[in-house]
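The values are calculated or read from the model by the stated rules, or taken from the named source; none is laboratory data. Remember, predicted model here, so these are calculated numbers, not experimental data. Neighbour counts run over all protein chains shown; Cβ positions are idealised from the backbone, glycine included. Note: areas computed on protein heavy atoms with side chains; ligands, DNA, RNA excluded. Shrake-Rupley method; radii C 1.70, N 1.55, O 1.52, S 1.80 Å.
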Amino acid sequence: MARVTNMQTDEIKIDTPSRTIFIKLITGGDLSNVHVNLTLAKGVEMVEPANTESVYDFTKPASVTLKYKEEIITYHFIIDTEYNIVDPATLGWVKSTEWGTLPDYLAIYKSPSTLKGKNAVAYIAVADMDKNASFSVLGNATGVKTLTQFYNAESVKPAIVMNGGYFASNGATVSLLYRNNVMLAPNLQSMSRSDGTSNVAFYPTRSAFGEIENGKFEVNWVYTVSSGQTYAYPAPSPNKSGVSPMQIPSVNYPEGASIWKAKNAIGGGPVLLKNGLYKNTWEAELFDTASGIGPTSNNPRSAIGITGDNRLIFFVCEGRNKTPNVPGFTLEEVAYILRDLGCLDAMNLDGGGSSCMLVNGQETIKPSDGAQRSVTTAVAIK
C-alpha cells in the first residue's frame, strides 16, 4: 500500500504487473517535496530509499526499489492522471547543436554516456507537435531505400528521418502503413509458429503508432479483418508461441474493439508503453526468438513515442559494439528510457542493422551494418 502524508490525493493505485505506483494528486502542492509512506507485505524490505516514509521529487522520474527474498524489484511512480513534463537535460541528455539550423519546434539530444547502467550512444529528436511540426510516413508497400535516399527524394527536406516498420526479404512491408488517411498496407495478418506439436497459423494483434484525426497521437494493438476494416483493441490477443493460437481477431475478439482510423501511421512492435504504463507485449505480438527481434537481448533500437503535452519523440541507439563497449538495449530498457522522458504511449520499430536516424540529412548513430541498410518504410518530422 502507498499513501501521501503531506498532500491530498484523489487516487492511489499500485499496478504490480507493470511495477507502477500511480498517484493522482489534487491540484496544487510542491511536486519536488512529496511525502510517501509505503506499507510493505511480509518479507519485503526497502532498498532505495531506505525508509518506508520518504520525500520524493516528482518533478523528475522517481522510483522505489524493494527486496523480496533474493529478488530486487523496482516500482516506478506515475503522478497525476496525464503526464509529467520532463526536460531531457535533467536526465543527463545533452542538447546537440551540431546539425545545422533546426525548426524552433525541434530539439536534438544526445544521451549521457551511460543509460540503465550500460554504456550508451543514443539520440532523441523531440518535436512539439503543437507548433507547426508535421509527422510523415515515407515509403510504400514494396521497395527499399536507404534513409539518405528517402531524404533526397523529398521535395521539402525533412528535419528528421528515422527507419520505420518491419519488412520481408523481398522488400515488402510486414508492418502497417497509413498515409493521408489511406491504408497502404496492414500489419502482418498471420504467421507460422509452433503450437507445441507442429507449426500452425497464428493471428497476432500487432501494434501501430498513429496520428489520429484530432491531431493527437496514440499507440494501439490493431488488426485488419477480411473486409478491410482495421480495429484497435484495449489489450492484445494473448498469443504465445508454443501453445495453441488464439482465434482470429474480429469486431468481437479481443473484447473492446473500436474502429481505428489514422491520418498517418506506422506499424511496428511491440507496444512499449500505453497510457503511461509499461507494457512490452512482445510475447503476445509474437516478437519472439523466431522473429529475430531479440526482445531480451542487447541490440541497436529505434522507437517512437508521444508525451502528454504532445511532444513527439524519435529514439535511436547504437548497439552490437559498433562503438566499442556499447552493447545496445533490451526492449524493456527502451520502454523505461522513453517513460523517463515523459512518453505516455511508445512503440518499438525495426532495429538492429535497420536502426538509423538522420538530422538534416546527417547520420546520428553508426549503423551496425557499417552503412545504412535499405529499408521499406521510414518516419519523418518536417
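Summary table
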| quantity | calculated |
| --- | --- |
| Matching residues in region 226-262 - criterion: being among the polar types (S, T, N, Q) and assigned to a loop (DSSP other than H, G, I, E, B) | 226, 227, 229, 237, 239, 241, 244, 247, 250, 252 |
| Verdict on residue 291 being touching a helix residue (DSSP H, G or I) at 6+ places or on another chain (Cβ under 9 Å) and open to solvent by less than 60 Å² (accessible area, probe 1.4 Å) | no |
| Selection count, region 1-33, where residues are at pLDDT below 80, part of a strand (DSSP E or B) and open to solvent by 80 Å² or more (accessible area, probe 1.4 Å) | 1 |
| Residue match in region 291-300 (condition: more than 14 Å from residue 235 (Cβ to Cβ), without any contact (Cβ under 8 Å) to a residue 24 or more places away in the chain and in a helix (DSSP H, G or I)) | yes |
| Inter-residue pairs, beta-carbon under 8 Å, first closer than 21 Å to residue 135 by Cβ and in region 93-117, second open to solvent by 50 Å² or more (accessible area, probe 1.4 Å) and in a loop (DSSP other than H, G, I, E, B), 6+ apart | 103/132; 104/131; 105/131; 105/132 |
| Residue that is open to solvent by less than 60 Å² (accessible area, probe 1.4 Å), touching a Phe, Trp or Tyr at 6+ places or on another chain (Cβ under 6 Å) and not in a loop (DSSP other than H, G, I, E, B), where the choices are 201, 208, 265 | 265 |
| Selection count where residues are surrounded by fewer than 19 Cβ atoms within 10 Å (Cβ to Cβ), under 19 Å from the mean Cα position of the chain (by Cα) and at positive phi, scope region 323-382 | 0 |
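A quick yes/no check of all residues on (1) open to solvent by 40 Å² or more (accessible area, probe 1.4 Å); (2) among the hydrophobic types (A, V, I, L, M, F, W, C); (3) in contact with a Leu (Cβ under 7 Å, 6 or more places away or on another chain):
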| site | (1), (2), (3) |
| --- | --- |
| 146 | no, no, no |
| 149 | yes, no, no |
| 156 | yes, yes, no |
| 164 | no, no, yes |
| 169 | yes, no, no |
| 176 | no, yes, no |
| 182 | yes, yes, no |
| 186 | yes, no, yes |
